[in-house]
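Everything on this sheet refers to the single structure shown next.
The values are calculated or read from the model by the stated rules, or taken from the named source; none is laboratory data. These numbers come from a predicted model, not from an experiment. Cβ placement follows ideal geometry from the backbone for every residue including glycine, while neighbour counts extend to all protein chains displayed. Accessible surface areas use protein heavy atoms only, side chains included; no ligands, DNA or RNA. Shrake-Rupley method; radii C 1.70, N 1.55, O 1.52, S 1.80 Å.
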Amino acid sequence: MNVPNPDAVELAPLPAPADFESDMDRPVPFDAGTAVLVDCPDPAAAPWLAHHFADWFGDQAPKVSPNVANVEILPIPIANSQSETLNTGNTGNIGNTGNTGSDEAYAVSADASGVRISARSLAGVRWAAYSLRQLAIARRGTFRTDGRVLPTLRISDAPRLPFRAVHLCWFPDTRPAQIERAIRLAALLKFNAAILEPWGTFRSARHPWFGWPDAPATPEELARLAAIGRDLGVALVPQLNVLGHASSSRSCSLKHAALDLHPEYEPLFEPGGWNWCLSNPEARRVLRELVGELHEACGRPPFFHLGCDEAQPPSCPECRRRPYAELVGEHIAELAAFVRERGARAMVWHDMLLDRDDPRWAGFIACGSPETAKLADALPRDVVICDWQYGNPDPARPRDDWPTFAHFLGKGFDVAGCPWLNFGAMEPMADFLASHGGLGLVATTWHHLHGTDWRDAFRTAACAAWGTPPPPVAPQFDTAFAAVLRLAGLDAGVCDYRDTGLDEEQVHAP
Ligand SMILES: [Zn+2]
């Protein structure tokens, strides 16, 4: 990597280091007089780019033309991972984002002769466009922006892991603009999926009692967000907790998004309301209908997350009548089949599939019993295991072994690692997954979608999943992240003070 002026680097994830050259001391114009040549077999690529340049740059947008004259083509890198061997089950790809690192690879150059982009798919063209956008700055010396400049640059770039997701929780306390901004930010950081978990905020047409009054995540709003994500290269993957966490509220709050206001639906849940009552066919019907509604609203994405973490043992007489693991396994398999019929793959959290007392998982997250651990052998193999490891068993050394990942990979599952605030583990996790045929990384955010935790979860995971180290951070002001966060907000059309920056407020920040 040749970066003469580190303060000028405003790109995350950094491109594959060996092939990134950038020199802002030799700026080249990037304005209405610039020709951007796009070499991509997808006929939608050049129109997509022209449309977005117009959105982003208005009448100062560079001119886009497809490579019809067959001028010199930039070599496109192959993926630097084993992602070609990804088992994508019956869906074939990750939405419109491409399923292999090679499909998402791109090369781009900018010099006095203009700008060139080469990619094998629209996905690669998108990532090239976001790299250019992050690197472009306003031309100097004017009052208002009058055209932009790019560093003289050459980038040859490909992701390491094929599935790079953020996980967003939509609480009743979450401002809707925050969700859109997070999806747009994820795209700019080259994530290709956003798992969206409504916490009592989905407004079901069939089951309006399931959620708080005036729930903001209406089917129309989800469809709007899914369309934004699709356009930007981010598949919006809905989540519904079909086992525990049925209160759709943080456990510490003791709230229940259904029963606190609609106690008449008590039979659908285990006493108290934490788990769904799986022996009740009505509960299973409701869950199927909710899954269908959510999946439809999000435009039938290639995945659906069924949750399934941190369940409690059953306490109702019917559910206690048979081995609980058998009931849970039947339930998950039935919903996974339902999701499969809709052309998608189910995802589940991993923790109930590991016996918490098994010494092999000492220091790792495991919430199951010997009985529920047997589910790891019984579940259909197209279910994606999202293995969340939020602790670091030995902070003194970076891990190169991830026994729980290896356990599920060994059983033939696709595995995504989920690090949350385990920032130091993100790169080793991604290294392990990339070298063992893992699917990807999921940057969970939970109730930390603000402040430096949000920044670090997104940026560190983006870099780890892409396969490059986090970029240098300027000492006083985090220029790189401020710039990209601002772009996400501008694209979302924010006009409220609270929807800018990392926190809603700067003095009383939580
Ligand atoms: Zn029950």
Residues meeting the amide H criterion for Phe269 (H placed from the backbone, H to H distance under 5 Å, 5 or more places apart or on another chain) are Cys277
Show Thr452, Thr479 ordered by accessible area, largest first, where the area counts protein heavy atoms only and the probe is 1.4 Å.
Thr452, Thr479
Report the FRET efficiency, 1/(1 + (r/R0)^6), for Glu289 and Arg486, where r is their Cβ-Cβ distance and R0 is 51 Å, rounded to 0.05.
0.80
Check which residues have an amide H placed less than 5 Å from Val28's amide H, if you skip close sequence neighbours.
Leu150, Thr152
Run the simple label-point estimate for Lys411 and Asp146 please: 7 Å along Cα→C-beta, distance reported in nm.
6.5
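Counting each DSSP H run of 4 or more residues in the chain as -39500 (n - 2.57), what helix-only mean residue ellipticity at 222 nm follows after dividing by all residues, to the nearest 500 deg cm²/dmol?
Rounded to the nearest 500, the figure is -9000 deg cm²/dmol.
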Could you tell me what percent of the DSSP beta bridges with both partners in the chain are antiparallel, to the nearest 5?
35
Accessible surface of the chain [probe 1.4 Å, protein heavy atoms]: carbon and sulfur percent
54
Please list, in order along region 307-320, the HN-Hα scalar couplings obtained from phi with the Karplus expression 6.51 cos²θ - 1.76 cosθ + 1.60 (θ = phi - 60°), rounded to whole Hz, x for Gly and Pro.
x, 6, 8, 6, 6, 9, x, x, 10, 8, x, 5, 5, 7
Which length gain, in nm to one decimal place, applies between Ile78 and Arg321 when the Cα-Cα distance is subtracted from 0.36 nm times their residue separation?
82.0 nm
Could you state the principal axis extents of the C-alpha atoms in the chain, from the largest down, to the nearest angstrom?
76, 45, 45
